[in-house]
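Asker: Here you go, one structure.
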Amino acid sequence: MPTIAADTNPNGLEYDQQKFAIGLSLAVGFLMLAGKAYAYILTGSVAILSDAAESVVHVFAVSFAAFSVRLSFKPADPTHPYGHEKVAFFSAGMEGMMIVIAAVYIIYTSVAKWIAGLHLENLEFGTSLTAAAAVVNAFLGGYLVWKGRRTKSLILVANGKHVLTDSWTSFAVIVGLLMVIWTGWLPFDPIIAILAAINILWSGGKLIRQSVGGLMDEADPGFERQLRKTLDIET
């Protein structure tokens, strides 16, 4: 029976679960990118542009994460006697680096548009599209983090955190657009975009730090304390 086969091959089951989750993330990523790009074309909002730029990074990062999931489940071979699991740390580092690049681009574009002169239109509809994207990404990010922790996949956890960051960016953009609509003061648009970019920088930096620690086999003080406590109890 299929259920028995899955039980006798937990790694195969975990791979199928991770493959489905990463595929869902990629499909939603393309959908969000299309929606945000359309919203930017309608509004000319640099905050929405920054949100769309984050989605571009998401699509590239998830594509690499999908490859990493597949590679991480390959068994050890003569050239990789310890297996391929550490690709997860490399994937997280790449995703963190791309998040940082997106943040720098967002800040640059926001300042450039602010200096050149701001022009916004169709903000109500653009705000509605951004809000829909934020809600979808919030649910997707939470699911990816939950599934990643359940299957012990750093790749899925990193991708989920990236999606949640994308969601928070969208919520920040919504606040900025609402402030523009309510007050009529256009600079709220680039200001919110820059603040969102700073938050993205922080998130990307933490992912890079985590990946470097894993690749360098950095010790986990909390785990070591728990291990010593357990050994002391047993002895």
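Asker: Identify all residues within the range 105-153 that are over 21 Å from Thr165 (Cβ atoms), assigned to a helix (DSSP H, G or I) and not β-branched (Val, Ile, Thr); write none if there are none.
Answerer: Those that are over 21 Å from Thr165 (Cβ atoms), assigned to a helix (DSSP H, G or I) and not β-branched (Val, Ile, Thr): Ala112, Lys113, Trp114, Ala116, Leu123, Glu124, Phe125, Ser128.
Asker: Further question on the same structure: Between residues in the range 130-144 that are within 27 Å of Gly44 (Cβ to Cβ) and without any contact (Cβ under 8 Å) to a residue 60 or more places away in the chain and residues that are crowded, with 17+ Cβ neighbours inside 10 Å and among the polar types (S, T, N, Q), which pairs lie under 7 Å by C-beta distance while being six or more apart or on different chains?
Answerer: Within 7 Å, the pairs are Ala134/Ser167; Ala134/Ser170; Ala138/Ser167.
Asker: Within the range 169-198, work out how many residues are more than 17 Å from the chain's Cα centre (by Cα), on the phi < 0 side of the Ramachandran plot and of a type outside the set (Val, Ile, Thr).
Answerer: Result for the range 169-198: 13.
Asker: Against the conditions (1) aliphatic (A, V, I, L, M); (2) over 15 Å from Ser50 (Cα atoms); (3) touching an Asp or Glu at 6+ places or on another chain (Cβ under 8 Å); (4) buried (at least 16 other Cβ atoms within 10 Å of the Cβ), where does Ile181 fall short? Just the number, please.
Answerer: Against the list (1) aliphatic (A, V, I, L, M); (2) over 15 Å from Ser50 (Cα atoms); (3) touching an Asp or Glu at 6+ places or on another chain (Cβ under 8 Å); (4) buried (at least 16 other Cβ atoms within 10 Å of the Cβ), Ile181 comes up short only on (4).
Asker: Would you confirm, using the coordinates I've provided, whether Val175 is β-branched (Val, Ile, Thr), surrounded by 22 or more Cβ atoms within 10 Å (Cβ to Cβ) and modelled with pLDDT of 80 or more?
Answerer: no
Asker: If I go through the range 98-135 residue by residue, how many of them are surrounded by 17 or more Cβ atoms within 10 Å (Cβ to Cβ) and among the aliphatic types (A, V, I, L, M)?
Answerer: Total meeting the criteria: 13.
The values are calculated or read from the model by the stated rules, or taken from the named source; none is laboratory data. These numbers come from a predicted model, not from an experiment. When we count neighbours, we look across all protein chains shown, and the Cβ atoms used for this are built from the backbone with ideal geometry, even at glycine.
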